[in-house]
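Scroll down for the structure; my scribbles are underneath it.
Nothing in this text is a laboratory measurement; each read-out follows from the coordinates by a stated rule. Values in this document were obtained by computation on a predicted structure and should not be read as measured data. Note that each Cβ is placed from the backbone with ideal geometry, even for glycine, and that neighbours are counted across all protein chains shown.
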Amino acid sequence: MDVKARLRHTRLAPRKARLVADMIRGKNVTEAMNVLTFTRKKAAREIQALLKSALANAEENHKVVDVEDMIVQKITVDEGVAWKRQMPRARGTANLIKKRTSHVTIVLNEK
């Protein structure tokens, strides 16, 4: 049974979040939690919270008894909208700065 959780419009650059997502793809839930706990990146904390949410969805909505046996079947990090800001420059000009956001989707499955 597939259990999904989605995190949208989070303030993470997709390129940086994919580095963390690649580390836990295909792993057991407990193993993925350990990896995320000891990874020193901002995306690791956000994805760890999303993984906890997916486990709660499995218990409450899908009535999965043993959530420790689940694996991270699929995790995707898609690009969200980019916030556009301006940085003042010399002679009254400005450069455009894009603050990128991400949509993270995680799918858990039983072994």
(request) Would you please put 41-49, 27-35 in order of how densely packed they are, using the mean number of other Cβ atoms within 10 angstrom per residue and starting with the highest? (result) 41-49, 27-35
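State the dimensionless ratio Rg/Rh of the range 3-110 (Rg: radius of gyration of Cα atoms; Rh: Kirkwood radius).
1.14
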(message) Just want the answer: with Cβ charges of +1 for Lys and Arg and -1 for Asp and Glu, which residue in 19, 38, 101 is farthest toward the dipole's positive end in the chain?
(response) 101
(request) Just subtract the alpha-carbon distance of residue 42 and residue 60 from 0.36 nm times their residue separation and send over the number in nm, one decimal. (result) 3.7 nm
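Taking only complete DSSP H runs, can you tell me which helices of the chain stretch 15 Å or more along their own long axis by Cα positions and average at least -1.0 on the Kyte-Doolittle scale?
What comes out of the filter, once short or polar helices are dropped, is 14-24, 42-60.
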(request) Per residue of the range 85-96, in order, report the coupling 6.51 cos²θ - 1.76 cosθ + 1.60 (Karplus, θ = phi - 60°) as ³J(HN,Hα) in whole Hz, putting x for Gly and Pro. (result) 10, 10, 10, x, 10, 5, 6, x, 9, 8, 9, 8
(request) Enumerate the amide H contacts of residue 64 below 5 Å, restricted to partners 5 or more residues apart or on another chain; note that Pro and chain-start residues carry no placed amide H. (result) 59
(message) So if I take the centroid of the Cα atoms in the range 3-27 and the same for the range 40-84, what is the distance between those two points in Å?
(response) 8
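So how much slack lies between residue 78 and residue 30, counting 0.36 nm per residue of separation and subtracting their Cα-Cα distance, in nm?
Details: separation 48, 0.36 × 48 = 17.28 nm, distance 2.45 nm.
Using 0.36 nm per residue and subtracting the Cα-Cα distance, I get 14.8 nm.
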(request) Before anything else, pin down the relative contact order of the chain: Cα pairs under 8 Å, at least 6 apart, normalised by residue count, whole percent. (result) 42
(message) Show me, for the range 5-12, the HN-Hα J-couplings you get by feeding each phi into the Karplus relation (A = 6.51, B = -1.76, C = 1.60, θ = phi - 60°), rounded to Hz, glycine and proline as x.
(response) 8, 9, 10, 10, 6, 7, 7, 10
